[in-house]
Amino acid sequence: MRWLGRSETVAWLRQPWPWLVAAALLLAFPIRFWAKPVGRAMLAVPSSPVERVNPELGRTWRLLREVAPRIPAGATFTVRAATDEAEMEAFMVAVGLLPHGRPVPSSYYGVPQPGFGSEAEWVVAVGEVSLAGEGTEVVARSKDGLLLRRRPHP
Amino acid sequence: MSAILFLVAHLLVPAFGAAAAWHPSLRRAPLALRGSAAFLGGAVLLTLEGMLWSLLGVRWTVASLGLPAIALSAGLAWAWARRPAVAWRREACRPAVAAAGLTAVAAGLLQLLLAAVSGRAASVDLVLFWGVKATHWVAAGGLEAATLAHAFAIHTHPSYPPLFPTVLAWGTLVAGELPWLAVPVTSVLWVAATVPVVLHMLELRVGREHAVAVTGFWTVAVAAALVAGCCAGNAEPALVAYTTTALVAALVVANRRLGLVAVVAAMGAVLTKNEGGIAVGLTVVGLLLADLFGRRSRPLRGALPLLAGAAVGLSGWLGARLALGLPLTDPIRERAFALSFDHLGTILAAAPQNLAAGTRGLAWLIPLALLLAVERRRLVELLPALALAVGLLTFLGVYYLHAHGDPSALISWTLPRVTIPALSALILAAGLGAGRLDPPPPDQDRKR
């Protein structure tokens, strides 16, 4: 290790003050953030755990949280969303918020899953999704989407 | 109400690991350090117990998880309390230094708390899989394979180690439901539990004043990095706690005096995330190199507790997965050794902005600059920390070479948070290297 380091540690480094000054310097960054209007606006408790870092996912979480109590334990459910990515994320969130339900995806990582989601008893539509002709009826509405129940096959 | 009960459940975790506080190596240690050892050890015991109950078909309840853990811990504490305790050196600290250091610690924890409560540092992985596993394990009464081993559940990463979701599941059992908004707040507990470990164990080698100052910087830097990496509500804070504790045990007391701390920390690291195994492995490599360059008389001696803890944790989780039919690998992950060196330019370009750690990179640059001023004689003993810091960054670089397509998104998702154990190691290396050279603890032997 002769090629590394100094022959003697710099004397002032043995003092605690350089570390404390450096800590104060680092603290300037969060202080600056929370002092700004954007920081102060965040001081209120959010209504979803992720809305401040991913507002779209936050809205999806709120919708699923709202409709979850209406879906009976043991029932199959799926989610539908406008894009593959949004649908996958909504499915992931739904699996956590409905641990007593049976999740069946309409698509999984962007790959359509015919015969799974299309057979689910309950459908959560995130945002604007067209479900015309799919034999569903609206059970609940929210500003972030719909909860629908599939009519039994004749 | 469920949020309060959930947080109370976390405060009960030290009861499961209380035996650690009565172990001869820690019984005369400062109370805060004993509390930290109890919390970190309690989470490990809870996880091992949860795995065992799942294998035996015992349903997880507050009583089935809580009572045996407390009984076992009480029995161990009683047995250990009868053995003579190891002395713990304490020394004075100027009030101004103590006040400044503790202010830095408090401010660091406060910034993390604010970011966690407000959701600014929330991890989306909480709602995508960490919390998902906890709710399913509670619903199923144990580690659950029926849903999570299904083909449509690979997004929950069923092969990931179980410690963090087990602790969340424990909180859920006590609270009656998982209070999602409260989960990010628990990240503060993991960092707060690590502060006494860094402070009091570093104190053994560099003295009280220097340890106070380094701990202040460590807390502010790690908290800022956790906020920047949006780690509130994921397993990263717990991983930082265990990898840092394992490293401190290796750096400060590379002997059997604090072997229990090293064993528990290594076990906790590998049971928290797969990266924990890599971190422990790199620490062991650093210890072996330090033994080699430092010509210690008993090589491997310092590494043995870490290896033992990691081996128990890894084999326990492997056995549980085999028995329960959970996947052994993660199908979402990239195929090993399918490297694309075209990514090298993207990786090097993306690294600086993703290592800003909420401080424009100063959290990294300051300890790096201080390390350059350390005498070379001291660098040998810092090798465990340097191996962890450099090795983890190198590992991530190689991992990004595996990316399908442009690795930019993968880098921005993972680099800010997965590197935090390396940041912690770099700070500890600089802190230990810059401190005054105290004689090592009594049973740390070297050939002179």
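To keep it simple, each residue is scored yes or no on (1) assigned to a loop (DSSP other than H, G, I, E, B); (2) more than 19 Å from B:A115 (Cα to Cα); (3) of a type in the set (V, I, T).
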position: A:L26; (1), (2), (3): no, no, no
position: A:F29; (1), (2), (3): no, no, no
position: A:W34; (1), (2), (3): no, no, no
position: A:G39; (1), (2), (3): no, no, no
position: A:A44; (1), (2), (3): yes, no, no
position: A:R52; (1), (2), (3): yes, no, no
position: A:E66; (1), (2), (3): no, yes, no
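Can you list residue pairs whose Cβ atoms sit under 7 Å apart, with the first residue in segment B:94-114 being outside any helix (DSSP H, G or I) and the second being modelled with pLDDT under 95? Count only pairs 6 or more apart in sequence or on different chains. Close Cβ pairs (under 7 Å, with a partner that is modelled with pLDDT under 95) amount to B:R94/B:E209. Looking only at residues of segment B:130-151 that are under 22 Å from the mean Cα position of the chain (by Cα) and either of a type in the set (G, A, S) or surrounded by fewer than 24 Cβ atoms within 10 Å (Cβ to Cβ) (or both), we find that the one that is farthest from A:S48 (Cα to Cα) is B:A134. If you check B:A87 against the conditions, is it of a type outside the set (S, T, Y), closer than 25 Å to B:L258 by Cα, surrounded by 12 or more Cβ atoms within 10 Å (Cβ to Cβ) and more than 14 Å from every other protein chain (Cβ to nearest Cβ)? Criteria not met by B:A87.
Residues that are in contact with a helix residue (DSSP H, G or I) (Cβ under 7 Å, 6 or more places away or on another chain), of a type in the set (G, A, S) and part of a helix (DSSP H, G or I) within segment A:96-120 comprise just one, A:G96. Just one of the listed residues (B:A385, B:A357) is touching a residue at least 12 places away in the same chain (Cβ under 8 Å), of a type outside the set (V, I, T) and at positive phi, namely B:A357.
Count of segment A:128-154 residues, restricted to those that are at positive phi and touching a helix residue (DSSP H, G or I) at 6+ places or on another chain (Cβ under 7 Å), is 1. For A:A75, the conditions (1) at the interface with chain B (Cβ under 8 Å from one of its Cβ atoms); (2) surrounded by fewer than 17 Cβ atoms within 10 Å (Cβ to Cβ) are fulfilled apart from (1). B:W88 fulfils the conditions (1) among the aromatic types (F, W, Y); (2) part of a loop (DSSP other than H, G, I, E, B); (3) closer than 30 Å to B:H155 by Cβ except for a single criterion, (3). The listed residues are A:A41, A:A28, and the only one of them that is under 30 Å from B:L202 (Cβ atoms) and surrounded by fewer than 15 Cβ atoms within 10 Å (Cβ to Cβ) turns out to be A:A28. Looking across B:V44, B:V58, one residue alone is within 22 Å of B:K273 (Cα to Cα) and not aromatic (F, W, Y). It is B:V44.
The values are calculated or read from the model by the stated rules, or taken from the named source; none is laboratory data. Note that the coordinates shown come from a computational prediction; the quantities given were computed from them, not determined experimentally. Cβ sites come from the backbone with ideal geometry, for glycine too, and all protein chains shown count toward neighbours.
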